[in-house]
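The values are calculated or read from the model by the stated rules, or taken from the named source; none is laboratory data. Keep in mind the model is a prediction, meaning the values are calculated, not measured. Every residue, glycine among them, receives a Cβ derived from its backbone with ideal geometry; neighbour counts consider all protein chains shown. Note: areas computed on protein heavy atoms with side chains; ligands, DNA, RNA excluded. Shrake-Rupley method; radii C 1.70, N 1.55, O 1.52, S 1.80 Å.
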Amino acid sequence: MATVGTGRRARTRRVATGRALLATLLAAGLAAGCTASNGPGDDGRGAPRTTRPGGTEGTETEGADGDGRPPVLAVKIDNAAAARPQRGLESADVVYVEQVEGGLSRLMAVYATRLPESVGPVRSAREADLELLRQFDRPVLAFSGAQGRLLPLIDRAPLEPLTPGTSDAGADAYVRDATRSAPHNLYLLPRRSMDGPPGRASLTTGFRDGPPPAGGEPESTRTVRYPAARFTFTWSDARNRWLVSMDSTPTVTARGEPVAPATVVVQYVTVRPSGYHDSRGNNTPYTETVGSGRATVLRDGRAHDVRWSRPDASDGTAFTTEDGVPVNFAQGQVWVVYAEAD
């Protein structure tokens, strides 16, 4: 992934569907999505909402300097047992893992170089997602709803919300799988909502591809635990990748193939209570992704203890050795797992 300097550059915004993406939430189906079948509910949704308009196909809206960079697509993805296997995870450039209500977890997949046929199951947004996504220039955020008091913040955030609804655009971009039960059956069809992959230049994460840093310790497996969720990454010499397991179950694609990132980052951050709760009264944790701290970068079967820094929400995250040398990632998919700092 390309090295990205600090600060965000404006760029041309292009989204292919509907000039006015009026996303009134699907009442019956999405109401079922407020509560997970095997844990605390999603942060409960309030009244139906209307998203800001997107651009029509072939129409460009100039940013501050009109540099022509299209937006990445970020999708909130369910990872409860009933949601597996997910679709489209293997095509993401970056997968973020965050803690949610009741000690469970949720994924955010970011797409820049490839758009899969289908992604999901799609679930709800959280307050911390807005800070995390500020590193991108007006990203498209696909999600199935949010806590009612959070919706105004999403509307004011520098992003383009893409939610299922009753408009032609919303109805066209999402489908429900009749073979799965709600809320674990809502899928986004990205190619109906975007012209195509925005390209690597839009992936303003601050990550660098290149040779591994010196040193590091041999590492065959690493587990990150949340109060009610667990992620394990096991190195595969045969695949030259890290094999992912969730709650001791191998993470596979819809075709049964392993999901295997090239680099895994365990980033130690502050996780604090937010001002939001789900429908059962569980507080929604807020994962702070701006600041600095320690991290472990897993690549090539080795673990490297490094430092991370993101001075401002509009910046990507820099990873460096203790001597301040930038740390490169292996070419391929990156998983970033946010773990609570000691």
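Below are the figures for this structure:
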{"item": "Residue count, the stretch 174-185 (criterion: outside any loop (DSSP other than H, G, I, E, B) and in contact with a Lys or Arg (Cβ under 6 Å, 6 or more places away or on another chain))", "result": "0"}
{"item": "Any hit, the stretch 196-206, residues being within 23 Å of Gln267 (Cβ to Cβ), in contact (Cβ under 8 Å) with a residue 40 or more places away in the chain and open to solvent by 30 Å² or more (accessible area, probe 1.4 Å)", "result": "yes"}
{"item": "Residue among Leu150, Leu130 that is of a type outside the set (Phe, Trp, Tyr), over 17 Å from the mean Cα position of the chain (by Cα) and open to solvent by less than 40 Å² (accessible area, probe 1.4 Å)", "result": "Leu150"}
{"item": "Within the stretch 178-194, tally of residues that are more than 20 Å from the chain's Cα centre (by Cα) and touching a residue at least 24 places away in the same chain (Cβ under 8 Å)", "result": "3"}
{"item": "Meets criteria (outside any loop (DSSP other than H, G, I, E, B), at pLDDT 95 or above and under 28 Å from Gly316 (Cβ atoms)) for Leu115", "result": "no"}
{"item": "Some residue of the stretch 206-226 being under 30 Å from Arg69 (Cα atoms), within 20 Å of the chain's Cα centre (by Cα) and among the hydrophobic types (A, V, I, L, M, F, W, C)", "result": "yes"}
{"item": "Some residue of the stretch 232-248 being under 24 Å from Val306 (Cβ atoms) and small (Gly, Ala, Ser)", "result": "yes"}
{"item": "Test set (1) within 19 Å of Gln135 (Cα to Cα); (2) in a strand (DSSP E or B) - Asp312 fails condition number", "result": "(2)"}
{"item": "Of residues in the stretch 225-243 being part of a strand (DSSP E or B) and of a type in the set (S, T, N, Q), the one nearest to Gln331 (Cα to Cα)", "result": "Ser236"}
{"item": "Hits in the stretch 207-224 (condition: open to solvent by 30 Å² or more (accessible area, probe 1.4 Å), at negative phi and either among the β-branched types (Val, Ile, Thr) or in contact with a strand residue (DSSP E or B) (Cβ under 8 Å, 6 or more places away or on another chain) (or both))", "result": "Arg208, Asp209, Pro212, Glu217, Pro218, Glu219, Ser220, Thr221, Arg222, Thr223"}
{"item": "Residue selected from the stretch 85-127 under the condition among the β-branched types (Val, Ile, Thr) and open to solvent by less than 10 Å² (accessible area, probe 1.4 Å), by the criterion nearest to Ser202 (Cα to Cα)", "result": "Val110"}
{"item": "Exclusive hit being over 24 Å from Leu89 (Cβ atoms) and either out of contact with any strand residue (DSSP E or B) (no Cβ under 9 Å at 6 or more places or on another chain) or touching a residue at least 60 places away in the same chain (Cβ under 8 Å) (or both), set Pro285, Pro311", "result": "Pro311"}
{"item": "The stretch 107-123: number of residues that are in contact with a Lys or Arg (Cβ under 8 Å, 6 or more places away or on another chain) and under 17 Å from Thr253 (Cα atoms)", "result": "10"}
{"item": "Which numbered condition Thr234 fails, given (1) open to solvent by 60 Å² or more (accessible area, probe 1.4 Å); (2) free of Cβ contacts under 8 Å to residues at least 60 places away in the same chain", "result": "(1)"}
{"item": "Index of the failed condition, Ser292 passing every other in (1) surrounded by fewer than 17 Cβ atoms within 10 Å (Cβ to Cβ); (2) modelled with pLDDT under 95", "result": "(2)"}
{"item": "Unique match (being out of contact with any helix residue (DSSP H, G or I) (no Cβ under 8 Å at 6 or more places or on another chain), open to solvent by 50 Å² or more (accessible area, probe 1.4 Å), at pLDDT below 95 and over 21 Å from Phe231 (Cα atoms)) among Asp312, Asp323", "result": "Asp323"}
{"item": "Hey, Val244 buried (at least 17 other Cβ atoms within 10 Å of the Cβ), closer than 14 Å to Val224 by Cα and touching a helix residue (DSSP H, G or I) at 6+ places or on another chain (Cβ under 9 Å) or not", "result": "yes"}
